[in-house]
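All remarks here apply to the structure that follows.
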Amino acid sequence: MCGRFTQNYTWEEVHAFLNVFGTPRNLRPRYNIAPTTNVDVIRLDREGRRELVSMRWGLVPYFWKKSLKEVPATFNARAETVAEKPMFRDSFKRRRCIIPAGGFFEWTNEADGKQPHLFTAADGSPILAFAGIWDRWIDPASKEEILSCTIIVSGASGWMTPYHDRMPVLLRAEDFDAWLNGSLGADALRPAAESALREWPVSRRVNRTGVGEDDPTIIERVDAA
């Protein structure tokens, strides 16, 4: 699973890594993002250019008839079923996206509680590219348009297994176009190479939703229990 992540990069970094189209802007760094909040997402615009837009993290399919509060936990979609599961299959066919991240968190159970660990690119890159899908939903009550997304997760690599049995699907730069235009199939949604990530323990303040979003010290290395 991927239940928390960071988006701590500059416009120049995301533009260089993902070739994003548009006017440069100041991007707010966020260090402890939780589901249902808005995140940066890269999708194709109508002219086929990569654009950065803000979306709710937790996909709401276009056909959803109930309220937003009644949407189930859709912040992750399993790679094994994303092409068939009713909540995700139309978006998988038609609305692909890339969700840029500085890193993501997983936890280990220690004697004195849960210890969060941060996972970032092993080569020091400021951005990981999560495979995602998105949708557009109209709230039947307010008529408000809501854009939303989900992160696709696969089984974990052997290196990742001590921390969790699932992990975000990381796209390689050479696969960005094929993913966004829909030509990359579900069979390509596999665990990242074991050499792709590095890890260190971080502050347990990460465990609390809504804490540390604007605090860069929350992702600094700490001594684990």
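A search for C-beta distances below 9 Å between a residue of the range 1-18 that is within 20 Å of Asp165 (Cα to Cα) and any residue that is among the β-branched types (Val, Ile, Thr) and in a loop (DSSP other than H, G, I, E, B), counting only pairs 6+ apart in sequence or on different chains, returns Arg4/Thr209. Would you say Val20 is in contact with a helix residue (DSSP H, G or I) (Cβ under 9 Å, 6 or more places away or on another chain), surrounded by fewer than 20 Cβ atoms within 10 Å (Cβ to Cβ) and aliphatic (A, V, I, L, M)? In short, yes.
Residue by residue, here is whether (1) within 23 Å of Pro140 (Cα to Cα); (2) in contact (Cβ under 8 Å) with a residue 24 or more places away in the chain holds:
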| residue | (1), (2) |
| --- | --- |
| Lys65 | yes, yes |
| Leu68 | yes, yes |
| Arg89 | yes, no |
| Arg95 | yes, yes |
| Lys114 | no, yes |
| Gly124 | no, no |
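Within the option set Arg205, Arg190, Arg221, being among the basic types (Lys, Arg), under 22 Å from Leu18 (Cβ atoms) and either at pLDDT below 95 or outside any strand (DSSP E or B) (or both) holds for one residue only, Arg190.
Applying the criterion of at least 1 residues that are acidic (Asp, Glu) and over 17 Å from the mean Cα position of the chain (by Cα) to the strands (runs of 3 or more DSSP E) found wholly in the range 73-186 leaves 103-110, 145-155. Here Val39 fulfils each of the conditions (1) touching a Pro at 6+ places or on another chain (Cβ under 7 Å); (2) within 24 Å of Pro216 (Cβ to Cβ) apart from (1). For Lys85, indicate whether it is surrounded by fewer than 22 Cβ atoms within 10 Å (Cβ to Cβ), under 15 Å from Val60 (Cβ atoms) and of a type in the set (Lys, Arg). In short, yes.
Inspection of the range 45-53 finds a residue satisfying the criterion of being touching a residue at least 60 places away in the same chain (Cβ under 8 Å) and in contact with a strand residue (DSSP E or B) (Cβ under 8 Å, 6 or more places away or on another chain).
As a summary of the residue check, Val53 satisfies the conditions (1) surrounded by fewer than 14 Cβ atoms within 10 Å (Cβ to Cβ); (2) in a strand (DSSP E or B); (3) among the hydrophobic types (A, V, I, L, M, F, W, C) except for the one numbered (1). Does at least one position in the range 119-129 carry a residue that is surrounded by fewer than 14 Cβ atoms within 10 Å (Cβ to Cβ) and either under 25 Å from Arg78 (Cα atoms) or at pLDDT below 95 (or both)? Looking for residues that are surrounded by fewer than 14 Cβ atoms within 10 Å (Cβ to Cβ) and either under 25 Å from Arg78 (Cα atoms) or at pLDDT below 95 (or both), one finds none in the range 119-129, hence no.
The values are calculated or read from the model by the stated rules, or taken from the named source; none is laboratory data. Computed from a predicted model, the values in this text were never measured in an experiment. Cβ coordinates were reconstructed from backbone atoms using ideal geometry, including for glycine residues, and neighbour counts include every protein chain displayed.
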